[in-house]
Amino acid sequence: MNLASLGFFRSLRKDNNQFAVIGLGRFGRSVSSTLHKLGYEVLATDIDEKRVCEALTEQIVGHALQLDSTEPAALKEAGIFEFDTVIVAIGNYIQESIITTLNVKEGGVPHVVAKASSEVHRKLLKKVGADHVVFPEYEAGCALARTLTKPSILDRFDLDPDHSIVEMIVPDEFHGKTITEIQLRNRYGLNLLAVSQEGKFAINPEPNRRLERGSAMVVIGCNKDINRLPI
Ligand code: ATP
């Protein structure tokens with residue numbers, strides 16, 4: 001998530017309990033089954049009858065329909081335009097993905113999330129009105145490259161292109177030192193938010209607390225300062 005996504009997520013209604021997912025490939029199935037397991041009503045659709053039957057047999061969703069989403073009439077008849085949020089999960093068929101996104105937006109759906117499979121695809125989806133575009137392969141690739149090059153960083157949340165909140169393994173250099181001694185703010189310009197202890201995090205830890213090798217710490221600050229840490 002980044003700031004560009006903030007407007008979209010803020011505009012989602014908190015009381016929205018229903019989602020429609022178009023396309024039951026790996027991505028569409030994973031979105032559908034997760035929403036379903038979380039207790040939301042999901043209507044899943046696919047042009048392929050077999051995929052629709054599988055979704056119902058495997059109880060991935062409660063409701064599934066076969067339809068061609070490039071046909072506005074089929075979407076209208078299925079009630080897709082009544083949904084507050086529709087996920088267009090068609091990554092590998094660019095033409096179908098673009099036409100579907102256009103149809104759903106023209107049908108008046110306020111929140112349309114679409115999956116892109118390339119940068120051009122992402123741009124086209126935005127042009128036809130997608131409110132939020134995800135590019136899972138690209139995002140997973142970036143995350144993997146970061147993990148491979150900085151294995152001590154366990155997780156990170158990008159606030160904007162320059163600032164992040166990062167969960168990392170306590171560097172060897174900090175082992176046995178107190179929070180005051182490591183001088184995170186003075187030496188690195190970073191703020192320490194939490195330190196792990198026996199599987200739980202202590203938030204705003206005391207300055208005299210000692211850091212231990214193998215435990216985790218969470219810091220917030222500039223990416224260039226985070227990169228200066230001895231990790
Ligand atoms: P993968 O499964 O390879 O990770 P993906 O999740 O992006 O990729 P796709 O291969 O793009 O999935 O397939 C998405 C689904 O969209 C397929 O099940 C396909 O049958 C369906 N689909 C394609 N065209 C249409 C259409 N016109 N209407 C409805 N569903 C469609």
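Is there a residue being of a type in the set (S, T, N, Q) and away from the ligand (no atom under 12 Å from the Cβ) anywhere in the range 58-68? Walk me through how you get there before you give the answer.
Restricting attention to the range 58-68, the residues satisfying the condition of being of a type in the set (S, T, N, Q) are 59, 66.
Within this subset, residues satisfying the condition of being away from the ligand (no atom under 12 Å from the Cβ) are 59.
Yes, the range 58-68 contains a residue that is of a type in the set (S, T, N, Q) and away from the ligand (no atom under 12 Å from the Cβ).
Just to confirm my filter: which helices (runs of 4 or more DSSP H) fall fully inside the range 1-59 and include at least 1 residues that are out of contact with any strand residue (DSSP E or B) (no Cβ under 7 Å at 6 or more places or on another chain), exposed (fewer than 12 other Cβ atoms within 10 Å of the Cβ) and of a type in the set (A, V, I, L, M)? Let's see the steps before the verdict.
Values: elements: 3-11, 26-37, 49-57.
Where helices (runs of 4 or more DSSP H) fall fully within the range 1-59 and carry at least 1 residues being out of contact with any strand residue (DSSP E or B) (no Cβ under 7 Å at 6 or more places or on another chain), exposed (fewer than 12 other Cβ atoms within 10 Å of the Cβ) and of a type in the set (A, V, I, L, M), they are 3-11.
When you look at residue 70, is it surrounded by fewer than 24 Cβ atoms within 10 Å (Cβ to Cβ), modelled with pLDDT of 95 or more and part of a loop (DSSP other than H, G, I, E, B), yes or no?
Numbers: surrounded by fewer than 24 Cβ atoms within 10 Å (Cβ to Cβ): yes; modelled with pLDDT of 95 or more: yes; part of a loop (DSSP other than H, G, I, E, B): yes.
So residue 70 fits the description; yes.
From the list 164, 152, 196, 215, which residue is among the polar types (S, T, N, Q) and within 30 Å of residue 91 (Cβ to Cβ)? Explain how you work it out, then say what you get.
Details: 152 fails: within 30 Å of residue 91 (Cβ to Cβ); 196 fails: within 30 Å of residue 91 (Cβ to Cβ); 215 fails: within 30 Å of residue 91 (Cβ to Cβ).
It is 164.
All but one of (1) within 16 Å of the ligand (Cβ to nearest atom); (2) over 17 Å from the mean Cα position of the chain (by Cα) hold for residue 40, so report the exception by its number.
Condition (1) is where residue 40 drops out.
I need a count of the residues in the range 119-135 that are part of a helix (DSSP H, G or I) and either among the hydrophobic types (A, V, I, L, M, F, W, C) or not assigned by TED's automatic domain parsing to the domain that holds residue 25 (or both). Outline the logic, then answer.
Here is the first cut: in the range 119-135, the residues part of a helix (DSSP H, G or I) are 119-127.
From the residues that got through so far, the ones that are either among the hydrophobic types (A, V, I, L, M, F, W, C) or not assigned by TED's automatic domain parsing to the domain that holds residue 25 (or both) too are 120, 124-125.
Selection size over the range 119-135: 3.
Residues in the range 43-57 that are touching a residue at least 12 places away in the same chain (Cβ under 8 Å), more than 14 Å from residue 88 (Cα to Cα) and more than 8 Å from the ligand (Cβ to nearest atom): how many?
Kept after step one, since they are touching a residue at least 12 places away in the same chain (Cβ under 8 Å), are these residues of the range 43-57: 43-49, 51-52, 54-55.
Subsequent filtering for residues that are more than 14 Å from residue 88 (Cα to Cα) retains 48-49, 51-52, 54-55.
Now restrict to residues that are more than 8 Å from the ligand (Cβ to nearest atom): 49, 52, 54-55.
Within the range 43-57, residues that are touching a residue at least 12 places away in the same chain (Cβ under 8 Å), more than 14 Å from residue 88 (Cα to Cα) and more than 8 Å from the ligand (Cβ to nearest atom) number 4.
Looking only at residues that are in a helix (DSSP H, G or I) and in contact with a helix residue (DSSP H, G or I) (Cβ under 8 Å, 6 or more places away or on another chain) in the range 101-118, which one is farthest from the ligand (Cβ to nearest atom)? Even if it seems obvious, please write down each step before you answer.
Taking the range 101-118 first, the residues in a helix (DSSP H, G or I) are 101-106.
From the residues that got through so far, the ones that are in contact with a helix residue (DSSP H, G or I) (Cβ under 8 Å, 6 or more places away or on another chain) too are 101, 103-104, 106.
Numbers: 101: 11, 103: 10, 104: 11, 106: 16 Å.
Filtering the range 101-118 for residues that are in a helix (DSSP H, G or I) and in contact with a helix residue (DSSP H, G or I) (Cβ under 8 Å, 6 or more places away or on another chain), the one farthest from the ligand (Cβ to nearest atom) comes out as 106.
Does residue 220 fit the bill of being within 30 Å of residue 89 (Cα to Cα), in contact with a strand residue (DSSP E or B) (Cβ under 9 Å, 6 or more places away or on another chain) and either surrounded by fewer than 18 Cβ atoms within 10 Å (Cβ to Cβ) or at pLDDT 90 or above (or both)?
Numbers: within 30 Å of residue 89 (Cα to Cα): no; in contact with a strand residue (DSSP E or B) (Cβ under 9 Å, 6 or more places away or on another chain): yes; either surrounded by fewer than 18 Cβ atoms within 10 Å (Cβ to Cβ) or at pLDDT 90 or above (or both): yes.
For residue 220, the condition - within 30 Å of residue 89 (Cα to Cα), in contact with a strand residue (DSSP E or B) (Cβ under 9 Å, 6 or more places away or on another chain) and either surrounded by fewer than 18 Cβ atoms within 10 Å (Cβ to Cβ) or at pLDDT 90 or above (or both) - is not met.
Residues that are near the ligand (Cβ under 9 Å from one of its atoms), under 22 Å from the mean Cα position of the chain (by Cα) and outside the structural domain of residue 159 (by TED's automatic domain parsing): does the range 10-22 have at least one?
Within the range 10-22, the first condition is being near the ligand (Cβ under 9 Å from one of its atoms), and the residues that meet it are 22.
Those still in the list that are under 22 Å from the mean Cα position of the chain (by Cα) too: 22.
Still in the list and also outside the structural domain of residue 159 (by TED's automatic domain parsing): 22.
Yes, some residue in the range 10-22 is near the ligand (Cβ under 9 Å from one of its atoms), under 22 Å from the mean Cα position of the chain (by Cα) and outside the structural domain of residue 159 (by TED's automatic domain parsing).
So in the range 87-100, with the set limited to residues that are crowded, with 20+ Cβ neighbours inside 10 Å and under 20 Å from the mean Cα position of the chain (by Cα), which one is nearest to the ligand (Cβ to nearest atom)? Step through it out loud before you land on a result.
If we filter the range 87-100 for residues that are crowded, with 20+ Cβ neighbours inside 10 Å, which is where we start, we get 87-91, 97-98, 100.
Of the ones still in play, those that are also under 20 Å from the mean Cα position of the chain (by Cα) are 87-91, 97.
On the way: 87: 11, 88: 9, 89: 6, 90: 4, 91: 2, 97: 7 Å.
So the residue we want is 91.
So in the range 156-198, with the set limited to residues that are more than 28 Å from residue 139 (Cβ to Cβ) and modelled with pLDDT under 90, which one is surrounded by the most Cβ atoms within 10 Å (Cβ to Cβ)? First the steps, then the outcome.
Kept after step one, since they are more than 28 Å from residue 139 (Cβ to Cβ), are these residues of the range 156-198: 172-187, 195, 197-198.
If we keep only those that are modelled with pLDDT under 90 too, we end up with 197-198.
Details: 197: 13, 198: 6.
Only one residue tops the list, namely 197.
Tell me which residues, restricted to the range 73-86, are within 9 Å of the ligand (Cβ to nearest atom) and in a loop (DSSP other than H, G, I, E, B).
none
The values are calculated or read from the model by the stated rules, or taken from the named source; none is laboratory data. Quantities reported herein were computed from a predicted structural model and do not represent experimental measurements. Every residue, glycine as well, gets a Cβ built from its backbone with ideal geometry; the counts of neighbours run over all protein chains shown.
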